[in-house]
Amino acid sequence: MAKKKYYVVWSGRKTGIFNTWAECERQVKGFQGARFKSFESKAEAEAALSSGKAPTKKSSARKTIQTKRVESVSDVVWDSVSVDVGCRGNPGIVEYKGVHTKTGEVLFSHPEIHIGTNNMGEFLAIVHGLAWLKQQGKDETPIYSDSKTAMKWVKDKKVNSNLKRDKETEYIWSLVERAERWLQTSTYKNPILKWRTELWGEIKADYGRK
């Protein structure tokens, strides 16, 4: 378990001692001239804050951020599959892929679907990943997704989308129904994990269209 740390902010949106990196980051991220540092104990943090001796170089702040990122990415299960969607418009043209999280190698993909939603594409990507891993005999390999909605749909084995069903959307709805049937008739042990974008950056399968 990671050691508890305390974060002192001398210059930020709010100043003081913060108990988590997330609280500290909200005060300093994007704040010009931010000054902050982590400490191993609350007593050290309180002493540093009362002394008023903030880091004097921007490099100190950058080093703190870089150190925190290293600590964060150490939590990633690198031998895993990451999935994501490329969507032009929402609803709009949808495509998805799954990649090996460490290497970025594309493991599977689906070409552009004329009309669909981002969450439907995310759902299809996760189920495709589960089926692909089952075929490979990798029943313990995790799948990362950055969509809480799609993860819930997979857990429920049912898509809850308000996308109208018509000639344009018939194809993606047919894929969704096939994926739902797979979930209802298949078993899997693979963990489906939330990709923590706020700590790790964009998911490795990202299409870079944001």
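The values are calculated or read from the model by the stated rules, or taken from the named source; none is laboratory data. Note that the structure is a prediction, hence the values are computed from the model and not measured. In this analysis, Cβ positions are derived from the backbone assuming ideal geometry, glycine residues included, and neighbour counts consider all displayed protein chains. To get the accessible areas, we keep the full protein, side chains included, count just its heavy atoms, and leave off ligands, DNA and RNA. Shrake-Rupley method; radii C 1.70, N 1.55, O 1.52, S 1.80 Å.
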Residue pairs within 7 Å by beta carbon, gap of at least six or interchain, first lying in the stretch 75-96 and within 17 Å of D139 (Cα to Cα) and in a loop (DSSP other than H, G, I, E, B), second hydroxyl-bearing (S, T, Y) and open to solvent by less than 30 Å² (accessible area, probe 1.4 Å), listed first then second, are W78/T101; D79/T141; S80/T101; S80/T141; S80/Y144
Residue hits (the stretch 13-44; assigned to a strand (DSSP E or B) and in contact (Cβ under 8 Å) with a residue 24 or more places away in the chain) are G16, I17, R35, F36, K37, S38, F39
Exception for G104 within (1) touching an Asp or Glu at 6+ places or on another chain (Cβ under 9 Å); (2) surrounded by fewer than 12 Cβ atoms within 10 Å (Cβ to Cβ) falls at (1)
S51 fails exactly one of (1) surrounded by fewer than 17 Cβ atoms within 10 Å (Cβ to Cβ); (2) modelled with pLDDT of 80 or more; (3) farther than 20 Å from W200 by Cα; (4) out of contact with any helix residue (DSSP H, G or I) (no Cβ under 7 Å at 6 or more places or on another chain), namely (2)
The one condition V99 fails out of (1) open to solvent by less than 40 Å² (accessible area, probe 1.4 Å); (2) modelled with pLDDT of 85 or more; (3) more than 30 Å from L124 (Cα to Cα) is (3)
In the stretch 26-38, residues that are at pLDDT below 85 and either open to solvent by less than 80 Å² (accessible area, probe 1.4 Å) or within 20 Å of W200 (Cα to Cα) (or both) total 6
Return yes or no: is G16 out of contact with any Leu (no Cβ under 6 Å at 6 or more places or on another chain), at positive phi, modelled with pLDDT of 85 or more and surrounded by fewer than 18 Cβ atoms within 10 Å (Cβ to Cβ)?
yes
Quick count over the stretch 150-171, residues being under 18 Å from the mean Cα position of the chain (by Cα) and surrounded by fewer than 17 Cβ atoms within 10 Å (Cβ to Cβ), is 2
Restricted to the stretch 172-210 and to residues being of a type in the set (S, T, Y), closer than 22 Å to V99 by Cβ and out of contact with any strand residue (DSSP E or B) (no Cβ under 6 Å at 6 or more places or on another chain), the residue most open to solvent (accessible area, probe 1.4 Å) is Y188
Only one of S82, S145 is modelled with pLDDT of 95 or more and in contact with a His (Cβ under 9 Å, 6 or more places away or on another chain), namely S82
